[in-house]
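Below is one structure; the comments refer to it alone.
Here, each number is a calculation from the coordinates, and none is a lab measurement. Computed from a predicted model, the values in this text were never measured in an experiment. Here the Cβ is made from the backbone with ideal geometry for all residues, glycine too, and neighbour counts use every protein chain on show.
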Amino acid sequence: MSEQSRESEKKFIAIEKDIEHLNYVIDELEKECEFVKKHFTTKNSERLDEIKTIHGRIDQHLQTDLDFHENVRKKISEKFDALDERIRQLDKWKWATWGALMMVGALVGYFFPISLK
């Protein structure tokens, strides 16, 4: 029986060593998992920060484009307003000129009558 108990004791010792080794492997794997989680969390945070930076740049670019287009629109509106004012002034002069020509025609007809025979 002593031989059997020695064999059992050896098996128990081997099993204990295997259990210790498995516990060591499990601890190392857990450490590796924690490292991977931290690494990916850090990388994801960095990527999110980079994405936020890119979005900020895009928003700034869009705002710059909007400002540019607004300035162009204002300049075009100012030019159209200036042209509209000039056309109104020319229109006033046109009617004043027609009125003056009609008056001159009437006066010429009154002072120099033309007889139609």
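For the chain, dividing the convex hull volume of the Cα atoms by the residue count gives 119 Å³ per residue. Springs join every pair of Cα atoms under 10 Å in this Gaussian network model of the chain, and among 88, 73, 47 the largest mean-square fluctuation is at 88. May I ask you to list the aspartates and glutamates whose Cα is less than 18 Å away from that of residue 11, ignoring any residue fewer than eight positions away on the same chain? Partners found: 3, 20.
For residue 92, the aspartates and glutamates whose Cα comes closer than 17 Å to its Cα, not counting residues fewer than 8 places off in the same chain, are 81, 84. Rounded to 0.05, the FRET efficiency of the residue 111 and residue 85 pair, given R0 = 35 Å and the Cβ-Cβ distance, is 0.35. Rounded to the nearest whole angstrom, the semi-axes of the ellipsoid equivalent to segment 32-93, taken from the Cα gyration tensor as √(5λ), stand at 59, 5, 4, largest first. The slack in the chain from residue 19 to residue 59, taken as 0.36 nm per residue of separation less the alpha-carbon distance, amounts to 8.6 nm. Helix 2-111 axis versus longest C-alpha principal axis of the chain: approximately 0°, rounded to the nearest ten. For the options 19, 76, 58, a Gaussian network treatment of the chain with springs between C-alpha atoms closer than 10 Å singles out 19 as fluctuating the most.
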